[in-house]
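What follows is a short report on a single structure.
The values are calculated or read from the model by the stated rules, or taken from the named source; none is laboratory data. Quick caveat, the model's predicted, so the values are computed rather than measured. So basically every Cβ, Gly included, is an ideal-geometry build from the backbone, and we count neighbours across all protein chains shown. Heads up: the accessible areas ignore ligands, DNA and RNA and are worked out on the full protein's heavy atoms, side chains in. Shrake-Rupley method; radii C 1.70, N 1.55, O 1.52, S 1.80 Å.
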Amino acid sequence: MNRYQKLYKTLIPFKHGCFIPFVILGDPSINTSLKIIDILIENGADGLELGIPFSDPLADGKIIQNANLRAFSSGISIYKCFKMLHDIRKKHKTIPIGLLSYANLIFKFGIKDFYLKCSNMDIDSILIADLPIEESYSFRKYAKICHISPVFICPPDAEQNIIKKIAKYSTGYIYLLSRSGVTGIDNEIIVPPLYLINKLKKITNVPIIQGFGISNTKQIKQIILSGISGIICGSIIIQLIEQYCHDEEKLIQKIKNLSLSLKKATKIIA
């Protein structure tokens with residue numbers, strides 16, 4: 001079994017959802033970023049989704065856009081990201097680590113070389129935010145060769161043929177969007193249509209993880225009760241980084257408290 005399968009097998013008997021935080025590598029600095037990742041893992045994170053900084057993150061709202069800018073200001077580069085990933089994996093051997101990137105960054109590095117490098121870093125999955133599934137063959141080819149799980153995004157209004165392709169080609173998990181648009185923070189309960197959740201469950205055993213806009217425990221409880229396997233939270237964590245990036249001690253404590261709270265909300269017995 002891969003790390004995702006082992007994780008879900010561990011959580012299912014307790015009817016717990018998984019909590020996957022998202023942060024940008026190198027935000028607000030390389031050293032602080034590594035400390036943030038450690039504190040998230042130590043306080044409830046079941047997996048990680050890590051963003052490689054990109055100059056034009058089209059899928060992201062202002063909070064995550066600013067995180068990319070802070071990372072670049074700290075001197076991050078893709079090669080330093082890989083060094084960080086090496087250090088993270090060396091320290092945390094069992095947690096699933098997924099990357100979020102953009103197609104141009106991978107094209108520039110070289111698709112084959114990028115996946116081989118990720119394989120050497122023991123990365124579990126790669127989600128390419130701006131890659132249409134119809135144009136994903138080359139990426140899926142090297143993902144398979146390198147034993148890396150592709151992850152595709154399923155919008156809440158996806159058409160039948162797209163749903164089938166997403167279910168077929170997503171082998172780590174399916175990233176189900178809460179809503180259309182870009183990342184950000186919402187206070188409304190944002191559970192996608194139940195018919196979509198049920199449809200995905202009928203055609204695939206791959207877990208469904210919901211992201212975009214999730215920011216409070218009430219949302220998380222409703223999402224897990226709807227039958228979704230887990231949640232990805234990014235903006236609410238990254239907002240704390242923006243607010244407290246000049247006070248590392250307070251920042252780490254704030255993230256610790258938030259991580260504990262978000263994880264606790266996934267522990268629902270339906």
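Brief remarks follow.
- With the gyration tensor restricted to C-alpha atoms of region 1-152, the semi-axes of the equivalent ellipsoid amount to 22, 20, 15 Å, longest first.
- For the chain, a simple Cβ point-charge model (Lys and Arg +1, Asp and Glu -1, everything else neutral) yields a dipole of about 1000 debye relative to the Cα centre.
- Most positive-pole-ward Cα, GLY227, THR183, ILE88, against dipole of the chain from beta carbon charges: GLY227
- Simple spin-label estimate for ASN205 and ASP87 in nanometres, 7 Å along Cα-Cβ: 3.9 nm
- Accessible surface of region 108-153, 1.4 Å probe, proportion on carbon and sulfur as whole %: 48 percent
- Taken per residue, the accessible surface of the chain reaches 46 Å², heavy atoms only and a 1.4 Å probe.
- Dipole magnitude (debye, nearest 20) for region 213-270, charges at Cβ of Lys, Arg, Asp, Glu: 400 debye
- Distance (nanometres) between label positions extended 7 Å along Cα→Cβ at LEU225 and LEU69: 4.0 nm
- Overall form of the chain per C-alpha gyration tensor (a/c, 1.5; a/b vs b/c): rounded
- Of LYS80/LYS112; LYS80/LYS221; LYS168/LYS256, those spanning more than 25 Å from alpha-carbon to alpha-carbon: LYS80/LYS221; LYS168/LYS256
- Heavy-atom accessible area order for TYR142, TYR102, largest first, 1.4 Å probe: TYR142, TYR102
- Within the accessible area of region 227-270, the carbon and sulfur atoms contribute 48%, probe 1.4 Å, all protein chains present.
- Only Cα pairs under 8 Å and 6+ residues apart enter the sum, and on that basis the relative contact order of the chain stands at 24 percent.
- Cα gyration tensor shape of region 123-257, rounded if a/c is under 1.5, else prolate or oblate by comparing a/b with b/c: oblate
- Straight-line cross-link reach from LYS164 at under 15 Å between alpha-carbon atoms covers these aspartates and glutamates, not counting any fewer than eight positions away in the same chain: GLU134.
- Global geometry of region 19-61, whether rounded, prolate or oblate, following the gyration tensor of its Cα atoms and the 1.5 cut on a/c: oblate
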